[in-house]
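The values are calculated or read from the model by the stated rules, or taken from the named source; none is laboratory data. None of the values given here were measured: they were computed from a predicted structure. Heads up, the Cβs are rebuilt from the backbone with ideal geometry, glycines too, and the neighbour counts pull from every protein chain shown. Only protein heavy atoms, including side chains, enter the accessible area calculation; ligands, DNA and RNA are left aside. Shrake-Rupley method; radii C 1.70, N 1.55, O 1.52, S 1.80 Å.
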Amino acid sequence: IRELGELRSVAWQDEWLDTLRRDRKARVPILQIQGWTDDLFPVTEAVRMYRTLKAIDPRYPIKLYLGDVGHPRARNKSAEVEGVLGVLTSWFDFWLKGVGPRPRFDVTSATTTPGPDFDPSLVITERSLDELWQEAVTVAAEGPFALANQPGQLGGVPADPIVNSFAAALVDPLAPHLVRTAEAPGGPVQVVRPVAEVAPAGQDGLWYLGQGTVTLSGTVAGADVQYDVRVWDRAPDGTVELVDRGTYKLVGAPGAFEVTVPLFGNAWLFPADHELLIEVTNVDHPFLRPNNIGSSTVIDRIEVELPVRLR
């Protein structure tokens, strides 16, 4: 119970972290491979590992790869998987066999792309995680918007990674699966903006790269409330693809509130003629278990902040 409740994050491994601070010889080189689109094991803990070790020593020997790999909804395109395996084998060739060039301790991000093909031109490598993006864009919407915790909502079904992976397997066992649907998303609150309006000046589209946030402020009737967010890319023909999601559990007293929902993160290029669609809801079922406790919320303001890379 203690291991599950108190020691489940690298950030809480005090004995190990103290050893790393005292003894440089204990700093084993680490290769981290993490999926941007792995909804079952989101990127958050991998980023925490990276930042924790870099806080001990900015030169800590860790290499981070972020891509469209892993559990659903990741596509695991063959070209990207082959590239990742190349990084992996080169790493062990050097550190275990002394063969090949010394690996670099940098950060690589592959961009999640629609369709079956992997685009190597959208793979970025920088010296550190924070160098992957250059600025942030903000989308704000003024309310009031009403939310109510209704566990029977089914709007999250099109965005569930397991449901969609099974559906893709039934249609074509070899088809890569990323949540894509012609149905309108089902969140009670939706904010829609043309990509051309929110993209940085001079940019053809919006290259989201990193972990965005969605800040909600208003008034809540309830002391235990779950806020779920989904970010979609909507094409001119009406089809949408799930780009990112996040969740936050508010435990407190009824009344005025402000919470910031951290998104899982992704690297995604929104075309200029598409729309950015943000959903806010209390229920992202079946991906997340609905909260049993009733609540209602009036949101006065929604503010979305997305880190972006300039092309």
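Numbers for the structure displayed
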| quantity | calculated |
| --- | --- |
| Restricting the stretch 144-175 to residues that are among the small types (Gly, Ala, Ser), closer than 17 Å to Glu241 by Cβ and not in a helix (DSSP H, G or I), the residue that is modelled with the lowest pLDDT | Ala175 |
| Pairs, first outside any strand (DSSP E or B) and at pLDDT 95 or above in the stretch 293-306, second open to solvent by less than 10 Å² (accessible area, probe 1.4 Å) and not aliphatic (A, V, I, L, M), C-beta under 9 Å, six or more apart | none |
| Those residues of the stretch 114-133 which are surrounded by fewer than 15 Cβ atoms within 10 Å (Cβ to Cβ) and either of a type in the set (Gly, Ala, Ser) or under 18 Å from the mean Cα position of the chain (by Cα) (or both), in sequence order | Gly115, Ser121, Ser128, Asp130, Glu131 |
| Enumeration of residues in the stretch 195-232 that are open to solvent by 50 Å² or more (accessible area, probe 1.4 Å) and closer than 18 Å to Thr138 by Cβ | Ala196, Glu197, Ala201, Gly202, Gln211 |
| Residue in the stretch 235-242 that is more than 16 Å from Asn291 (Cβ to Cβ), in contact with a His (Cβ under 6 Å, 6 or more places away or on another chain) and without any contact (Cβ under 8 Å) to a residue 60 or more places away in the chain present | yes |
| Exclusive hit being open to solvent by less than 40 Å² (accessible area, probe 1.4 Å) and of a type outside the set (Phe, Trp, Tyr), set Thr108, Thr89 | Thr108 |
| The stretch 239-257, residues that are open to solvent by less than 80 Å² (accessible area, probe 1.4 Å) and assigned to a strand (DSSP E or B) | Val240, Glu241, Leu242, Val243, Asp244, Arg245, Gly246, Thr247, Leu250, Gly255, Phe257 |
